[in-house]
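Enquirer: Quick one: the structure is below, questions incoming.
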Amino acid sequence: MKFGGTSVGDGVRMRHVAELAKEYRDRGNEIVLVTSALGGITDALLKNACEASETGKTSSVNEFIADLKEKHHKAAREAINSTEILENVNAEIDLRIEELEKALIGICYLGELTMRSVDYISSYGERLAAPILCGSLQSLGVSSRSFTGGEAGIVTTDEYGNAKPLDVTYSLVKERLEPLLNECIPVVCGFIAENEAGIITTLGRGGSDFTASIIGAALKANEIWLWKEVDGIMTTDPAIVPEARPIPVISYIEAMELSYFGAKVLHPRAIEPAIRHRIPVRVKNTFHPELAGTLVVKDEKKSRDIVKAVTVIKKVALINISGAGMVGTIGVAARVFTTLANAGVNIVMISQGSSEANISIVVDEAHLDKAVKAIKAEFKNGIIREVTQDRNIAVVAVVGAGMANTPGVAGRVFGALGSAQVNVIMISQGSSQHNISFAVSEETAKKAVEVLHREFGLEHQK
Ligand code: ADP
Ligand code: ASP
Ligand code: MG
């Protein structure tokens, strides 16, 4: 069971989480808990680390540290009602916070922030949260131990900020956690892990979903439960369309497509480990545990709803590459994509018309400048005549396995958009036919989502 940042947002909520876990354990389940940082803490750590490196102001670090300490002590007080346990937890918090302060002051003096230091600093959110949740369980009379990701056995590549688990992880986690399951509830820090040299890495923002899935796969758990502040995986982001409804059952592939296409509800890799052993994943609302939530499974019987959900990706940009010289020239696309890969550019979507005179690529907005620079450098002379860019873009995707081999879905999508006067800039459909995605200007993205949500009747209760 993983609990997200809002679920463990303060001490009272942590206590609720501990009670919930106890309740499931008392019903005869063996449980591992994975915790996020308290809501907002990871963002605050990252912001402070950047400021420290830019301004070098140690006084701001001191202020931040005092505030962080106060927040976590308060959470511990609220979550733990045993003086002895509270003292131990507070001592651990103080120790961690001292280390963090030293690191931030070091960054002030150095005036630089490497990817490795970013991971180190951001790891403190989870490292401060886990001991509190563990203490809260203990104070309810449940035996518990807390672990960092590395201590639990998650060993990753060196890709700081976006590390991936190495295969050895699965046997290590099993070896370390399995023997404890009948005697206690292990509490593991989500999001963070270690590389082979024992240096802290992170699995990417929202990575505690991934941690839970890795641990679930390693232990061959019966189910992996991701507890959040929403009623499940919804038909679209409820923050954009209030009529969004929870999806009762969805397939692994659909859930992955949704998370690739911007549905912030799941970490994009969170489903991969679950697939290894076909472990069902449940997404539930911490604040409404009585609701069924969403069940993510291998095969979803072809349901009547062709379209399951609509998502939107913001902060992306469009690059258009054109030139008559591209027509019939073999290897242009390969060169474009190799160049972008070497420049470390994340590609969101691609489309090439059969005239071959034009390739359109959507990339993360943060990667736009380096992407354009790399393409221009690669094609200095010839073939490509023009490279244009547009930052004012959002990608909307319509997802559902039922779309495969169902004629007319694209017609309905673009018909509805046309009637609503939404201009479509670029279109792409993978041959898996599990999604249709398209780019629109940023201002029209919300309208596009609303229109399609209504067109496919997603607002109706299932
Ligand atoms: P966690 O507590 O695990 O970090 P998140 O906050 O990452 O949970 O995930 C829930 C958030 O994802 C919600 O605030 C919601 O606005 C957003 N979201 C975007 N798309 C969807 C979707 N299709 N279904 C549910 N939530 C979504
Ligand atoms: N705390 C991390 C983040 O905010 C990981 C997570 O919550 O899943 O990204
Ligand atoms: Mg998240």
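Enquirer: Out of the total accessible area of the chain (probe 1.4 Å, heavy atoms of protein only), what percent is carbon and sulfur?
Expert: Whole-percent figure for carbon plus sulfur exposure: 50.
Enquirer: Next up: Helix-derived [θ] at 222 nm for the chain: sum -39500 (n - 2.57) over DSSP H runs of at least 4, divide by residue count, nearest 500?
Expert: So the calculated ellipticity at 222 nm is -13000 deg cm²/dmol.
Enquirer: While we're looking at this one, here's another question. Where does helix 332-342 land angle-wise versus the long Cα axis of the chain, in degrees 0 to 90, nearest 10?
Expert: Approximately 20 degrees, to the nearest ten.
Enquirer: Follow-up question, since we're still on this one. Throw me the Rg/Rh for region 259-391, computed over C-alpha atoms with Kirkwood Rh, two decimals.
Expert: On the Cα set of region 259-391, Rg over Rh gives 1.12.
Enquirer: What is the spin-label model distance, in nm, from residue 23 to residue 341 if the labels are put 7 Å beyond Cα along the C-beta direction?
Expert: 4.9
Enquirer: Which residues' amide hydrogens lie under 5 Å from the amide hydrogen of residue 234, considering only partners 5 or more residues apart or on another chain, with H built in the peptide plane?
Expert: Those lying under 5 Å, H to H, from residue 234 are 247.
Enquirer: Once you put a point 7 Å from the Cα of residue 405 and another 7 Å from the Cα of residue 377, both along the Cβ direction, what distance in nm separates them?
Expert: If labels sit at residue 405 and residue 377, their model points lie 4.8 nm apart.
Enquirer: So with the 1.4 Å probe, I'd like the accessible area per residue for region 307-462, rounded to whole Å².
Expert: 47
Enquirer: Assuming 0.36 nm per residue, please report the length gained on full extension of the stretch residue 414 to residue 427 beyond their Cα-Cα distance.
Expert: This chain segment gains 3.7 nm when fully extended.
Enquirer: Placing unit charges on C-beta atoms (Lys and Arg positive, Asp and Glu negative, everything else neutral), compute the dipole magnitude of the chain about its Cα centre in debye, rounded to 20.
Expert: 1180
Enquirer: Over every pair of different alpha-carbon atoms in region 27-82, take the mean of 1/r and invert it; report that Kirkwood radius in Å.
Expert: 13.7
Enquirer: Could you check how many percent of all C-alpha pairs in region 343-448 are farther apart than 17 Å?
Expert: Every Cα pair in region 343-448 considered, those over 17 Å come to 60 percent.
Enquirer: So, in nm, how far is label residue 164 from label residue 387 when the simple model puts each one 7 Å beyond its Cα toward the Cβ?
Expert: Distance between label points: 2.6 nm.
Enquirer: Looking at the chain from every direction and averaging, what is the projected area of its Cα convex hull in nm²?
Expert: Its Cα hull, projected and averaged over all orientations, spans 23.5 nm².
Enquirer: Largest first, please: the extent of the C-alpha atoms of region 130-185 along each principal axis, to the nearest Å.
Expert: Largest first, region 130-185 extends 39, 24, 10 Å along its Cα principal axes.
Enquirer: What relative contact order, as a whole-number percentage, does region 23-157 give when Cα pairs under 8 Å and 6 or more residues apart are counted?
Expert: 36
Enquirer: Under 8 Å for C-alpha pairs, at least 6 residues apart: give me the relative contact order for region 116-258, rounded to a whole percent.
Expert: That works out to 22 percent.
The values are calculated or read from the model by the stated rules, or taken from the named source; none is laboratory data. Everything numeric in this text was worked out from a predicted model, so none of it was measured. Positions of Cβ are generated from backbone atoms using ideal geometry, with glycine treated the same way; all protein chains shown enter the neighbour counts. What goes into the accessible areas is simple: the full protein's heavy atoms, side chains included, and nothing from ligands, DNA or RNA. Shrake-Rupley method; radii C 1.70, N 1.55, O 1.52, S 1.80 Å.
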